[in-house]
Amino acid sequence: MKLMNFWESGNLRLGVKKEEGILDVAAALNALPQRAAGAVPATLREVLDGGEAALASLRKFADSLPYHDEGAKAFYRDETLLEFAPCTADPGKIICIGLNYRRHAEETGMPLPEYPILFSKFSNSLSGHGMEVPLPYSTQKVDYEAELGIMIGRTAKNVSEEEALDAVFGYFAANDLSARDLQTRTSQWLAGKSCDRFAPVGPYVVTEDEVGDPGLLRISCSVNGEIRQDSNTSDMIFGCRQIISYISSCMTLSPGDIILTGTPEGVMMGYPPEKQVYLQPGDVVTVEIEKLGRLTNRMVAEEA
C-alpha cells in the first residue's frame, strides 16, 4: 500500500493512494461506519500502533471501496489539489546515516567508515511534498541530499541482520537538506542538519511488501529539472539490514521512528570549490526513488 498524510481544514488526514485517486480514510469511515467493524485505523499512528492486524484491516477496508460504488466517489481526493503533510506519524527518533555511499565518500575525499555514522534531525526539520523550505539567513551553503527513508513498524532491540527487515513498516523518499557551512564548523553535524523543514519526506510511505529489495532501487535528485544525483541504493556501504541491526544495538527502535540512509554522489559539496553553486530561493528540488515516487520542494528566502 501507498499511504500518505494530507491537511484538510487544518486537520491531518490519512490517505491511501489508489488508481481512482487518494482515498480519504476518515471520510469513508465516517460515512460508512458499518464497514468499520474490524476497527479500521483512521491515522498512520493508529496503523503503526496496531501492527500487522491494523494494516490488514485498513487494506481490506480500502479494497472494499471500488470507485463506482454508490457514493464512493465522495471519499476520493484529487492528489494534485491536496496539501501534503510529512509522510510520518510523529517519529520519536529521526536517525540519519552519514557517508553511506561509496562514491559519495570518494567525492568528498573521506575514508569509508568502519561503522555507520549516526546523527539526528528533530521534528522541526520535517516537511512534506510540495512544502516550501526556507533557506536560513545563517547559511550560504544549503545542499541537497537524495535519500532512501525507512519507517520502523515494530519495536526492535538487538535484532540480527537476518531479522532486521522484519522491523520495517515501509520506505519513502527523503531529502536530507544540509547547511554545509554550519555543518562543518565543528565536528558535530547537528547545526547544519536540523534547520526548519530540512527533512522533506514523502510523498508516500510504501509498505515493505510493495518495495521488495531496498538495496536495488534507483535514486536521483534534480534541481530545476537538471539531474544532479543519479545512482542506486546498491552503492550503499551499509545496507538497510546492517543499519537497522546496528542502530538497534545502540538504542531501541520504536514504531514510527524513521531512518534516512545516506546520499549518493553528486552533492554540491563534492564539486570543486569553483563550481559549487548552492541552493537559492526559487530553486525546485526533486528526489525520485524507484517504486516510492517523486518528492518535490521549492526553496524560499527565510522570512524576517
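The values are calculated or read from the model by the stated rules, or taken from the named source; none is laboratory data. Just so we're clear, the structure is a prediction, and the values are computed from it rather than from any experiment. Don't worry about glycine lacking a Cβ; one is built from the backbone with ideal geometry, like all the others, and counts go over all protein chains shown.
Annotations
- Scope the range 151-170; condition under 15 Å from Ala89 (Cβ atoms) and touching a helix residue (DSSP H, G or I) at 6+ places or on another chain (Cβ under 6 Å); matching residues: Ile152, Arg154, Val168, Gly170
- Listed conditions (1) small (Gly, Ala, Ser); (2) closer than 26 Å to Arg298 by Cα; (3) surrounded by fewer than 19 Cβ atoms within 10 Å (Cβ to Cβ) are all met by Ser187, apart from (2).
- Residue, farthest from the chain's Cα centre (by Cα), within the range 101-133, restricted to residues that are aromatic (Phe, Trp, Tyr) and closer than 28 Å to Pro273 by Cβ: Tyr101
- Of everything listed in (1) modelled with pLDDT of 95 or more; (2) loosely packed, with under 14 Cβ neighbours inside 10 Å; (3) touching a Leu at 6+ places or on another chain (Cβ under 9 Å), the single unmet condition for Met110 is (1).
- Which numbered condition Ala89 fails, given (1) surrounded by 17 or more Cβ atoms within 10 Å (Cβ to Cβ); (2) modelled with pLDDT of 90 or more; (3) in contact with a Lys or Arg (Cβ under 8 Å, 6 or more places away or on another chain); (4) not acidic (Asp, Glu): (2)
- Residue match in the range 118-136 (condition: among the aromatic types (Phe, Trp, Tyr) and buried (at least 21 other Cβ atoms within 10 Å of the Cβ)): no
- Screening the range 45-150 for strands (runs of 3 or more DSSP E) wholly inside it with 3 or more residues that are β-branched (Val, Ile, Thr) and not assigned by TED's automatic domain parsing to the domain that holds Glu20 returns the ranges 94-98.
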